[in-house]
Amino acid sequence: MSLDKFQSELIEHAMAVGALKFGSFVLKSGRNSPYFFNAGLLADGPVLDTLCSAYAATIAYALKSTHGLPQFDILFGPAYKGIPFAACTALLLHRDHGIDVGFAYDRKEAKDHGEGGVMVGAPVKGKRVLVLDDVATAGTAIRGAINTVTKEGGEVVGAVLLLDRQEVGREGKSMIEEVEGILGGKGSVPTILKMRHLMTWLKQHGRTDELASMQQYWDQYGAKGSE
């Protein structure tokens, strides 16, 4: 599996700020993972530029793909991490790809004054909405985003993920298959990075011990059909 330049840059920037770590981490699922990704630490100008450029490039490519994303009107970034991701990605889609869309996000608590409600940004009523997410482990954020957008009269037509862990979930499906199921088969789910991309990067940089741990984890939990 080869790496695009934006994928390598994102991996390296994420490692530099501690968002991507290799070691031993117990996940909510109880699995002992050899790596951990915390998108909340992608919080400075250079790394946000790298991340949202990667989101924008992935979206632009998927829109042109035969079986990629359908056309959409609004990017939705679930609070709180998704807010800067949606705003910056909308900017870079316009600047770098000539794709003009709105962006919206939600509040954790409804506002009872001013414009009110839980939604901020471009109105989603009657619009096609694309959800941005980081790492969908249990699908909780995706479900919440779909419910929020639907209540406001919008239609979720797809989602874009930062990282596909390429693991078999509790239902025996890959994470992507589970997210597609949550979406009701209405849209595809392109991702910026996959676990195999991380393994390719480790191999390229001679990090053999970490690669061996990743390979062992892949052998045990990897969704082999997602390579």
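The values are calculated or read from the model by the stated rules, or taken from the named source; none is laboratory data. Every value quoted in this text rests on a predicted model; they were computed, and no experiment measured them. Ideal geometry is used to build each Cβ from the backbone, glycine not excepted, and the neighbour counts take in all protein chains shown. Surface areas here come from the heavy atoms of the whole protein model, side chains and all, with no ligands, DNA or RNA. Shrake-Rupley method; radii C 1.70, N 1.55, O 1.52, S 1.80 Å.
Computed about its Cα centre, the charge dipole of region 1-137 is approximately 360 debye, with only Lys, Arg, Asp and Glu carrying charge at their Cβ. The convex hull defined by the C-alpha atoms of the chain has an orientation-averaged projected area of 12.6 nm². Compared with the dominant principal axis of the Cα atoms in the chain, helix 45-64 is inclined by about 80°. One Cα centroid belongs to region 75-107, the other to region 1-60; the line between them spans 18 Å. Given a 10 angstrom Cα cut-off, can you work out which residue in Leu63, Leu193, Leu162 is the most mobile in a GNM of the chain? Maximum among the listed residues: Leu63. Note on the chain: with neighbouring protein chains present and a 1.4 Å probe, carbon and sulfur make up 50 percent of its accessible heavy-atom surface. Amide H contacts under 5 Å for Gly117: Lys111, restricted to partners 5 or more places along the chain or on a different chain, H placed in the peptide plane at 1.01 Å from N. The C-alpha atoms of the chain define a longest principal axis, and helix 208-221 lies at about 70 degrees to it.
Mind giving me the FRET efficiency for His94 and Met15? R0 is 30 Å, r the Cβ-Cβ distance, nearest 0.05 is fine. If you can, show how the numbers build up before the last one.
Values: r = 29 Å, r/R0 = 0.97.
That pair, His94 with Met15, gives E of 0.55.
Couplings for region 35-42, taken from phi via the Karplus curve 6.51 cos²θ - 1.76 cosθ + 1.60 with θ = phi - 60°, read 8, 8, 10, 10, 5, x, 8, 7 Hz in order; Gly and Pro are left as x. The phi-based Karplus calculation (6.51 cos²θ - 1.76 cosθ + 1.60; θ = phi - 60°) puts the 3J(HN,Hα) values of region 25-32 at 9, 8, 7, 4, 6, x, 6, 8 Hz, whole numbers, x for Gly and Pro.
Bridging of Lys21 to lysines at a Cα separation below 27 Å is possible for Lys5, Lys81, Lys173, Lys194, Lys203, Lys224, once same-chain residues fewer than 8 apart are set aside.
For the chain, the 222 nm mean residue ellipticity estimated from helices alone, with every DSSP H stretch of n ≥ 4 adding -39500 (n - 2.57) and the total spread over all residues, rounds to -13000 deg cm²/dmol. Each DSSP beta bridge with both residues in region 5-221 is either parallel or antiparallel, and the antiparallel ones are about 40%.
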